[in-house]
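Below is one structure; the comments refer to it alone.
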2 protein chains.
Amino acid sequence: MADAGRLPPAVPDGRARAVVDAVRPAVDGGRFAVKRVAGDRVDVEAQCFTDGHDILRVMLRWREESVPTWNEVEMRALGNDVWSASFVAARVGSYRYTIVAWVDHFLTWRDETARRQDAADLLLAARVGADLIEAVAGRACGEDAMRLVDWAARLRAAGGVEAVRSTALDGAMTDIAMRYPDRTLESVWPVELPLVVERELARYSSWYELFPRSASDTPARHGTFKDAERRLPYIAELGFDVLYLPPIHPIGREKRKGRNNALEAGPDDVGSPWAIGSAEGGHKSIHRQLGTIEDFRGLVAAAKRHGIEIALDIAYQCAPDHPYVKQHPNWFRSRPDGSIQYAENPPKKYQDIYPFNFESEDWRGLWAELKSIFDFWIGEGVLVFRVDNPHTKSFAFWEWVIAAIRREHPDVIFLAEAFTRPKVMHRLAKLGYSQSYTYYAWRNTKRELTEYFTELSRGPGREYFRPNVWPNTPDILTEALQFGGRPAFMLRVALAATLSASYGIYGPAYELMEQVALEAGSEEYLDSEKYQLRHWDLGRADSLRAFIAALNRIRRENPALRTNRRLQFFDTDNDQLIAYGKTTDDLENAIVCVVNLDPHHAHAGWITLDLGALGIEADAQYQMHDLLTGARYRWTGSRNFVQIDPQRVPAHIFRVRRRVHREQDFDYFL
Amino acid sequence: MADAGRLPPAVPDGRARAVVDAVRPAVDGGRFAVKRVAGDRVDVEAQCFTDGHDILRVMLRWREESVPTWNEVEMRALGNDVWSASFVAARVGSYRYTIVAWVDHFLTWRDETARRQDAADLLLAARVGADLIEAVAGRACGEDAMRLVDWAARLRAAGGVEAVRSTALDGAMTDIAMRYPDRTLESVWPVELPLVVERELARYSSWYELFPRSASDTPARHGTFKDAERRLPYIAELGFDVLYLPPIHPIGREKRKGRNNALEAGPDDVGSPWAIGSAEGGHKSIHRQLGTIEDFRGLVAAAKRHGIEIALDIAYQCAPDHPYVKQHPNWFRSRPDGSIQYAENPPKKYQDIYPFNFESEDWRGLWAELKSIFDFWIGEGVLVFRVDNPHTKSFAFWEWVIAAIRREHPDVIFLAEAFTRPKVMHRLAKLGYSQSYTYYAWRNTKRELTEYFTELSRGPGREYFRPNVWPNTPDILTEALQFGGRPAFMLRVALAATLSASYGIYGPAYELMEQVALEAGSEEYLDSEKYQLRHWDLGRADSLRAFIAALNRIRRENPALRTNRRLQFFDTDNDQLIAYGKTTDDLENAIVCVVNLDPHHAHAGWITLDLGALGIEADAQYQMHDLLTGARYRWTGSRNFVQIDPQRVPAHIFRVRRRVHREQDFDYFL
């Protein structure tokens, strides 16, 4: 529009007639990156067309961002002017892709020639084609050029309708000619769309949150990294691949909170690990009672041997005695009385926490220092970070720091702990977070779960927002868990492990079914580990360890559960029964889950599967193999009956086995 | 992303903490303009938020494109981080709008102060506030500055909690302070979104297509502009406001088509008006048998007196004897035998038509000449153009030419006659066409009509694609009209006139119910006016002229029918009955249509209205006033009974009258 009214117009070349529109996937028109994991096939679509009937050729262009040259893949017309092609993003890193299209006169000629019936027209078309092919030859070289010149000559020499037609439509020669198109009038989609490719752990991960200070095998003794190291075989047995530790730094002594969040700490109170920093050090130091940096390194190494990665908590806030407060008072807000402004949301006050002021004049210094905290722990071998309350820090900072770290360390994974408003959570995901906390803890009914997980797996966020769902956290003991007993703990973790490719639990509170809240109406744990040491009896007979181990084994063995892309809900005639399926793209692996959402009563009902989506033929028999119990059921058709007693196992996790033995399989049948 | 890893980062100011996202409306992120008509209230929404709890201020900025300074309107938070504001686009022309937001420390302070309970905190807040207000005063001047300084002083002097609180929350002073915000760290949405505002005719128009050469009152005499002028009172009586004429230029003699599209014309055959150009002239000349340029001017002027605008047909193609062919052979493709390439889509050939070659080396000259055709007729007082087959001309050309003309003549309206694939039609609308032909002719069943008009009124195209629906055209005599008799003609025009703010008919073929096709299975008229003169008996007793006049009167009198924005379909329990409503934004004018889609049989059924959408209270009685027959029905509740005999009138067009007289209205009741 800006160039209207001038002649010659500012259109680069007004003769470019191909149109490229609506390139997908794209997040906000390319303002943010689409996310995938290494090895993914990236499917790209675009709407391409031109005026009239001429034939287009369309190419998907892609490259790793650090490589200046494009790879090109020919796109295929799907109908309705939509074109499609794919490439495999083999390696982690940043990529770009775009689309280029042109009106192809050679293919247009071929297409018209094939449809011509009039003999005179066909003979004329031979001359047009010979000219075109000679032009193609001019762009070729070597043997191809010679063969093309020869083809043009044969076309000129061809006498009679059938000779012209068969010469013109020569498939092998067409293939050669297509290698040398005339692209002088090509149209390029103006945005090089960004794509971030992470390792598979960014999409598929099972997290276990543990307070090392409560990992001691002796009640009352402060736990250490060494204790946490001894806990690794147990965590590996449960099947988790990320061990997430709350902050491991010195804990502030000023304004320290006591047990159960008491305003005044007693002399023996250990304080909250999120009140970071004391005279002993800050975000790059280790709390002395946990051990030394060597102990930490030992834990990281030992975890690695168990197939477990250590995730650290990045909480950008300071206790009043954090060294930053003295060294950089200009990174904080000050009050008129000269004191530093603590965190508050009147009338609530958090006097043990000083937030950073992201409007500091020295914001560049602050950003650099905050980045150096990540860099420090990356240097210690940590590649997974759970970021505490990112929505209370500047969004511009997150976009910069994540991109900067990812450029240097593309294997680093960032989990946003933001339980805040929807648009804010989505923004953080767009800015670069690999994974995001969700509202799962508060989605309980069939309708709530169906709507929420449909939105997560099908809504626009599917290109950038990767859910990581937690049935509990140290801050969240839901009412469902407080009052649902053992069945509630089983069904909530089963839902989490199957609805979402990434999930986590805060343990051992979870597997030991800790369910007493601070007070009525509260979601805080009584005697929360946030403020005191706890001792856990991991060997308790009623522990859910075996059940959780089974869930994680099933996840590992079934690739359908390692992505959310093909999640689909199925109709049930009982609102306490929820049913859903996941499959791999090729339908080779198909999982159907049926969960009784009522922890108190057995429920029965009819499930209506979408057989096509599961790769089952309409009238075939198939086997539903319950991977939790080993039971096998023979089902037929889309509608089948299920009954679930929550006092036993509140969920079926079926692997669909399409091959059912019949009499023809019997040796003697033939 | 591109700036990651550098310090200082390229963020303009890393301290800017407000986020602006998802500004709506926008077409392809601002690549194309949103469309409105003069006088429209333009509602704009954006998602805006910041980290933490600080209070934002958000402004909608807008301006006419030719004016460099912005107008600003304060946006209002609707909840869920969505903000909204509006402006009235009073004049035709091009506009821009965008959003600016900032974290407002003054409002944040006020908000926190209102929530503070601790006395010491409140006294400290008074000092913080006084400092802030003094800073505000520094940005103000005159009396405002003095009052703000005074306010700060009062705040400092205030003793005691209640005095501080009431001084701090002074509403009048707050209003003054809000005039002088600190916007140094504001965030601006980076795209200045384009908006094109046209006159109301672009959205609401009633078209009548007429061949002037068939307007003679004597059979066999070639009609003229003078004849067309004598037809104006009739067209005005029917209520149309656009009279659209097929091309009025000299008709080619070479390869002229005969009656019923015969390949060879007889000596008396008049040829197709779309075969433009002969030795007598081209696109800027007038076909001699129609009259002179003075006659044409007379027609334009006379039409204007009847409230009718003349629309011309722009068909960018040439008969073989068009002067362009000799003057500018490089604007056409040539064949190896030296002849000019005619239009073809093998095996079909259109030897009477030479298309322009938009890949001509002289494309700049071609574009300029094509634009000058519009300019010529604009100079003759024509401001409405129906463009023939725009999808067979270069898209880049359309974007340029429409913008160029609109800049000089913002009152010009362009209608795209493109019956082609959906993405192509949408692209033309995005490129600037004011209105677009649609698939209406082939949408007959309740489901087809509901889906199509829901897509048109609610889909993304609603911001740029304005449908103009035609039950017939000289090219399209649908099967519905061929075999449905008079009821089909009545119901198809009634649907068109009420479902779409713009519609048109090709007359007098329509009102005289011409229904004989060229042959079985064809949608071509027998003895089509495209190739021969016709004589029409307008006075026929069975003419639909009164019915059509009633439809156009109802459209004029009911603003709800002049827009498609609030179209809503209602459930009916009989698939032959379709029901839908339209209202104005304020619900003052509400129309409900019920149409019997079966031209053969009477149908009855229950209609379920959405009472809320129509502004009717759930348990109120209301009156349905049929504007076609004058009948009035008293309805109650959402579900009511309807019976329609297509042999009488196949449609109800109800005006909803909410006020129903009751005993309380009777003089003696009190």
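No lab work stands behind these numbers, since they all come straight from the coordinates. Quantities reported herein were computed from a predicted structural model and do not represent experimental measurements. Cβ atoms come from the backbone with ideal geometry, glycine included; neighbour counts cover every protein chain shown.
Taking B:Thr218 in one copy and the same position in all the others, each labelled 7 Å out along Cα→Cβ, what are the pairwise distances from the first, in nm, shortest first?
Sorted ascending, the copy-to-copy spacings read 12.4 nm.
Once the Cα gyration tensor of the protein assembly as shown is found, what semi-axes does its equivalent ellipsoid get, as square roots of 5 times the eigenvalues, in whole Å, sorted largest first?
Largest first, the protein assembly as shown gives 64, 40, 35 Å.
List the GluC sites (Glu not before Pro) within the stretch A:232-296 that DSSP assigns to loop and that have no more than 12 neighbouring Cβ atoms inside 10 Å.
Within the stretch A:232-296, the qualifying GluC sites (Glu not before Pro) (loop, at most 12 other Cβ atoms within 10 Å) are A:Glu264.
Cα axis of helix A:142-157 to longest principal axis of chain A: angle in degrees, 0 to 90, nearest 10?
With both axes taken from Cα atoms, the answer is about 40 degrees.
In whole Hz, what ³J(HN,Hα) sequence does the stretch B:185-198 give by Karplus (6.51, -1.76, 1.60; θ = phi - 60°), x for Gly and Pro?
10, 6, 10, 10, 4, x, 9, 8, 5, x, 9, 10, 10, 10
Please give, to one decimal in nm, the separation of the simple spin-label points placed at A:Glu557 and B:Arg147, each 7 Å out from Cα toward the Cβ.
The modelled label-to-label distance comes out at 7.7 nm.
Please tell me which of these pairs span more than 31 angstrom C-alpha to C-alpha: B:Lys226/B:Lys393; A:Lys326/A:Lys530; A:Lys226/A:Lys530; A:Lys35/A:Lys349?
B:Lys226/B:Lys393; A:Lys35/A:Lys349
Stretched out fully, how many nm does the piece from B:Glu200 to B:Met178 gain, at 0.36 nm a residue minus the Cα gap?
Extra length available between B:Glu200 and B:Met178 comes to 4.2 nm.
Could you let me know the centre-to-centre spacing of the stretch A:25-51 and the stretch B:160-179, using Cα atoms, in angstrom?
Comparing the Cα centres of the stretch A:25-51 and the stretch B:160-179, I get a distance of 52 Å.
Put a label point 7 Å from Cα along the Cβ direction on B:Arg658, then list its distances to the equivalent points in the other copies in nm, shortest first.
5.8
Determine the gain in length on full extension of the stretch B:Asp217-B:Tyr439; use 0.36 nm per residue of separation and subtract their C-alpha separation, reporting nm with one decimal.
Length difference between fully extended and current span is 76.5 nm.
Just to check I understand the Karplus step: with θ = phi - 60° and J = 6.51 cos²θ - 1.76 cosθ + 1.60, what whole-Hz values come out for the stretch A:572-582, glycine and proline as x?
Working through the residues one at a time gives 10, 9, 10, 5, 8, 9, 10, 9, 7, x, 9 Hz.
Output the 0 to 90 degree angle, nearest 10, between the alpha-carbon long axis of helix A:293-305 and the longest principal axis computed from the alpha carbons of chain A.
Tilt of helix A:293-305: around 50 degrees.
Which one, A:Asn80, A:Thr98, A:Leu124, projects farthest toward the positive side of the charge dipole computed for the stretch A:76-134 from Cβ point charges (K/R +1, D/E -1)?
A:Thr98
Over all Cα pairs of the stretch B:40-93, how is the pair count split among 5 Å bins, expressed in % and running from 0 up to the last occupied bin?
Histogramming the stretch B:40-93 at 5 Å steps yields 4, 19, 24, 21, 14, 10, 5, 2, 0 percent.
Give the shape of the stretch B:520-670 as rounded, prolate or oblate, defined through the alpha-carbon gyration tensor: a ≥ b ≥ c are the square roots of its eigenvalues, a/c under 1.5 means rounded, and otherwise the shape is prolate if a/b is larger than b/c and oblate if not.
Judged from the Cα gyration tensor, the stretch B:520-670 comes out prolate (a/c at least 1.5, a/b above b/c).
Taking a ≥ b ≥ c as the square roots of the eigenvalues of the Cα gyration tensor of the stretch B:432-478, is the shape rounded (a/c under 1.5), prolate (a/b larger than b/c) or oblate?
Oblate, since a/c reaches 1.5 and b/c is not below a/b.
Below 8 Å, C-alpha to C-alpha, sequence gap of six or more: please give me the relative contact order for the stretch B:526-670 in percent.
In percent, rounded to a whole number, it is 20.
Fewest Cβ neighbours within 10 Å first, please rank B:Lys226, B:Lys430 accordingly.
B:Lys226, B:Lys430
With each label point set 7 Å from Cα along the Cα-Cβ vector, what nm distance links B:Thr69 and B:Leu587?
Here the modelled spin labels are 4.1 nm apart.
In whole angstrom, note down how far apart the Cα centers of the stretch A:581-612 and the stretch A:206-222 are.
That distance is 36 Å.
I'd like the trypsin sites (Lys or Arg not before Pro) in the stretch B:9-38 restricted to DSSP loop residues with at most 16 other Cβ atoms within 10 Å, sorted by number.
Hits after loop and neighbour filter: B:Arg31.
What residue in chain A has the Cβ closest to the axis turning A into B, and how close is it in whole Å?
Residue plus distance in Å, as requested: A:Gly29, 2.
Using the count of nearby Cβ atoms within 10 Å as a rough guide to exposure, how do B:Met75, A:Met178 rank from fewest to most?
Ordered by Cβ neighbours within 10 Å, fewest first: A:Met178, B:Met75.
Would you work out the charge dipole size for chain A about its Cα centre, treating the Cβ of every Lys and Arg as +1 and the Cβ of every Asp and Glu as -1, and quote it to the nearest 20 debye?
Magnitude of the dipole: close to 560 debye.
So what is the calculated 222 nm ellipticity per residue for chain A, using -39500 (n - 2.57) for each DSSP H run with n of 4 or more, over all residues, to the nearest 500 deg cm²/dmol?
-8500 deg cm²/dmol
Indicate the gyration tensor shape class of chain B (rounded, prolate or oblate), computed on the Cα atoms with a ≥ b ≥ c the square roots of the eigenvalues: a/c under 1.5 is rounded; otherwise a/b larger than b/c is prolate and the rest oblate.
Oblate, because a/c is 1.5 or more while a/b does not exceed b/c.
At a Förster distance of 41 Å, what's the computed FRET efficiency of B:Asp537 paired with B:Asp28, Cβ-Cβ distance as r, to 0.05?
About 0.25, to the nearest 0.05.
Fully extended, how many nm does the chain gain between A:Ala301 and A:Asp118 (0.36 nm per residue separation, minus their Cα-Cα distance)?
Using 0.36 nm per residue and subtracting the Cα-Cα distance, I get 58.1 nm.
Relative contact order for chain A: what is it in percent, counting Cα pairs under 8 Å that are at least 6 residues apart?
With pairs under 8 Å counted, the relative contact order is 10 percent.
Put a label point 7 Å from Cα along the Cβ direction on A:Thr174, then list its distances to the equivalent points in the other copies in nm, shortest first.
Shortest to longest, the spacings are 7.4 nm.
For peptide A:391-401, compute the average count of partner chain beta-carbon atoms within 10 Å of each residue's beta-carbon.
Counting Cβ atoms of other protein chains within 10 Å of each residue's Cβ and averaging gives 6.
Using just the C-alpha positions of the stretch A:364-461 as equal point scatterers, what log10 of I(q)/I(0) does the Debye formula give at each q in 0.25 1/Å?
Values returned for q = 0.25 Å⁻¹ are -1.37.
For the residue pair B:Gln327 and A:Ala620, what label-to-label distance in nm results when each label sits 7 Å from Cα along the Cα-to-beta-carbon direction?
7.0 nm
Where the centre of each part is set by its Cα atoms, how far does the stretch A:77-110 sit from the stretch A:456-504, in angstrom?
Computed from Cα coordinates, the inter-centre distance equals 39 Å.
Express the relative contact order of the stretch A:184-277 as a whole percentage, based on alpha carbon pairs under 8 Å and six or more residues apart in sequence.
Relative contact order comes out at 22 percent.
Just rank A:His328, A:His249, fewest to most, by other beta-carbon atoms within 10 angstrom.
Listed from fewest to most nearby Cβ atoms, that is A:His328, A:His249.
Based on Cβ point charges of +1 for Lys and Arg and -1 for Asp and Glu, what charge dipole magnitude is obtained for the stretch B:372-429 about its Cα centre, in debye rounded to the nearest 20?
380 debye
Hey, got the dipole for the protein assembly as shown? About the Cα centre, +1 on K and R Cβ, -1 on D and E Cβ, debye to the nearest 20?
Roughly 120 debye for the protein assembly as shown.
From the phi of every residue in the stretch A:615-626, what ³J(HN,Hα) in whole Hz does the Karplus formula 6.51 cos²θ - 1.76 cosθ + 1.60 yield, where θ is phi - 60° and glycine or proline is x?
Karplus-based 3J(HN,Hα) across the stretch A:615-626 equals x, 9, 6, 4, 10, 7, 7, 8, 10, 9, 9, 6 Hz.
Positive end of the dipole of the stretch B:298-426, charges at C-beta (+1 Lys, Arg; -1 Asp, Glu), about the Cα centre: which of B:Trp398, B:Val300, B:Gln317 has its Cα farthest in that direction?
B:Trp398
What percent antiparallel are the DSSP beta bridges of the protein assembly as shown, to the nearest 5?
Counting DSSP beta bridges with both partners in the protein assembly as shown, the antiparallel share is about 70 percent.
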